[in-house]
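The values are calculated or read from the model by the stated rules, or taken from the named source; none is laboratory data. Not measured: the values here are computed from a predicted model. Cβ sites come from the backbone with ideal geometry, for glycine too, and all protein chains shown count toward neighbours. All accessible areas refer to the heavy atoms of the entire protein, side chains included, with ligands and DNA or RNA removed. Shrake-Rupley method; radii C 1.70, N 1.55, O 1.52, S 1.80 Å.
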Amino acid sequence: MSKEKPKTVGGQAVIEGVMMKGVNTVVAVKRSDGKIAVKKINDDSWGIWEKIPFIRGIFVLIHSMIIGMGALSYSAKVSGEDEEELTTKDMVFAILIAVVVATLGFGVLPVLVTKPFHIESEFLFALIEGLIRAFLVLAYIWAISFMKDIKRVFQYHGAEHKSVYTYENGEPLDVTHAKKYTTLHPRCGTSFLIITVFASVVVFAISGGLGWNSTIEKIISRIVLLPVVAGVAYEFQRFTAKIINTKIGKILAYPGLMLQKLTTKEPDDEQLKIALVSLNYALDENFEGEIVLDLATNTITPVTAIPGTTLTK
């Protein structure tokens, strides 16, 4: 039985490539010899945990981190950045480190920086804390944007968004049609970052009103309530994406889109072509395994399996 084509698709930029999620999840990466490695990634749904409103946000986030880490590891190996892919143990450790760093930097540090101001109003405390949190996010993104490798990842990020727009508008998935679209997209993970900052102000102000006022209580509440913040932010972003063509939708999406000006760059034609290859195969329900594409000759070399169709022209 054929799978129905999804109404929306999404993805993630990786090292010298793009991962796309459509009917299946596929990553396409430029090799050092100029050919493109394309691989289907095992991406089983977490079922009901990714469907319950306000609960699904944290599970979708963790699921995306796991899949994204696997795609990133594959891209590093294929592009020549690393000799081997990360093992499951390595990925679990890397994700745990990322969660700890995010928790300390996003949850704990802003509390410690705000506390010396002796702000009595819980809402004002949460607001100042949120501004500090936003500053840390912006400073981090701005700092890494100067790295050469990150600049290329940001170009692939732009290519991913252009490809998604092309599909969502029902146009042929080729460079000619994709080039005209913006690199800014309302469902982007970058927008999610800034939305979590706003959501944290509301959630943490409410927690302060419940009597969690000491420094240690605030720190514990920030850690414990991070899943709640993620859940609220996820639902808000989904809502904004649905009404993006309305005036209020554009206003709500504006901060996130502006932040994407830091995390997306205009891609070249080759980068855009790689993103489109990834999307084409993500929409091919017959594609399995791993192949190597030579776009110069439009030939396919199977690595572990032969795809059902060729979708690279």
Taking θ = phi - 60°, what integer Hz values does the Karplus form 6.51 cos²θ - 1.76 cosθ + 1.60 yield along segment 231-237, in sequence order, with x for Gly and Pro? x, 5, 5, 5, 5, 5, 5
Evaluate the distance, in nm, between pseudo-label points positioned 7 Å from the Cα of D269 and of T297 along their respective Cα→Cβ axes. 2.2
Using unit Cβ charges (K, R positive; D, E negative) and no other charged atoms, how large, in debye to the nearest 20, is the dipole of the chain about its Cα centre? 860
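Using R₀ = 25 Å, calculate the FRET efficiency as 1/(1 + (r/R₀)^6) where r is the Cβ-Cβ separation of V224 and W142; round to 0.05. Could you put the intermediate results ahead of the total?
Numbers: r = 30 Å, r/R0 = 1.20.
According to the calculation, E is roughly 0.25.
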Ranking T166, A37, Y281 by how far each Cα lies towards the positive end of the charge dipole of the chain (+1 on Lys and Arg Cβ, -1 on Asp and Glu Cβ), the top one is T166
Return the aspartates and glutamates within reach of K218: Cα separation strictly under 18 angstrom, same-chain partners fewer than 8 residues apart disregarded; answer none if there are no such residues. E120, E122, E129
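How large is the helix-only mean residue ellipticity at 222 nm for the chain, computed as the sum of -39500 (n - 2.57) over DSSP H runs with n ≥ 4, divided by its residue count, in deg cm²/dmol to the nearest 500?
Numbers: 11 runs with 172 residues, N = 313.
That comes out to -18000 deg cm²/dmol.
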Before anything else, pin down the relative contact order of the chain: Cα pairs under 8 Å, at least 6 apart, normalised by residue count, whole percent. 28
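In segment 1-62, which GluC sites (Glu not before Pro) fall in coil by DSSP and have 15 or fewer other Cβ atoms within 10 Å? Please list the in-between numbers first.
Working: sites: E4, E16, E50; in loops: E4, E16.
The qualifying sites are E4.
What is the sum of charges, Lys and Arg at +1 and Asp and Glu at -1, for the other residues whose Cβ falls under 12 Å from the Cβ of Y156? Before the final figure, lay out each step's value.
On the way: positive: K30, K151, R152, K162, K265, K273; negative: E16, D149, E160, E266, D268, E270.
Result for the neighbourhood of Y156: 0.
For the chain, give the percent of accessible area contributed by carbon and sulfur heavy atoms, probe 1.4 Å, rounded to a whole number. It would help to have the intermediate numbers written out before the result.
On the way: 10560 of 16250 Å².
Carbon and sulfur: 65 percent of the exposed surface of the chain.
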Can you give the accessible area of L226 in Å² (nearest 10), computed on protein heavy atoms with a 1.4 Å probe? 40
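How big is the dipole moment of segment 36-146 about its Cα centre under a simple scheme where the beta carbon of each Lys and Arg is +1, that of each Asp and Glu is -1, and everything else is neutral? Debye, nearest 20, please.
Its charge dipole is roughly 220 debye.
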So, with +1 on the Cβ of K and R and -1 on the Cβ of D and E, and no other charges, what is the size of the charge dipole of segment 8-87 about its Cα centre, to the nearest 20 debye? 380
The set of residues whose placed amide H lies less than 5 Å from the amide H of V14, leaving out same-chain residues fewer than 5 positions away, is M19
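I'd like to check one number: the per residue accessible area of the chain, probe 1.4 Å, reported in Å² as a whole number. Please report the intermediate quantities before stating the final value.
On the way: 16250 Å² over 313 residues.
For the chain, the per-residue accessible area is 52 Å².
Let me check against my output: what whole-number percent is the relative contact order of segment 153-260, with C-alpha pairs under 8 Å and at least 6 apart?
Numbers: 90 pairs, mean separation 34.1, N = 108.
Computed value for segment 153-260: 32 percent relative contact order.
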Under 15 Å Cα-Cα from K162, which aspartates and glutamates qualify once same-chain neighbours fewer than 8 residues away are excluded? E171, D174, E266, D268, D269, E270
Given the options I48, I58, I243, which has the most mean-square fluctuation in a GNM of the chain, springs set between C-alpha atoms less than 10 angstrom apart? I48
Which one, M147, V175, V203, projects farthest toward the positive side of the charge dipole computed for segment 140-214 from Cβ point charges (K/R +1, D/E -1)? M147
Cβ-based charge dipole, the chain, positive-most Cα from A28, I132, G70: I132
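For each pair in K35/K180; K21/K51; K35/K273, compute the distance between the two Cα atoms and list the pairs where it is over 20 Å. Each step should come with its number before you reach the end.
Values: K35/K180 25 Å; K21/K51 17 Å; K35/K273 12 Å.
Listed pairs above 20 Å: K35/K180.
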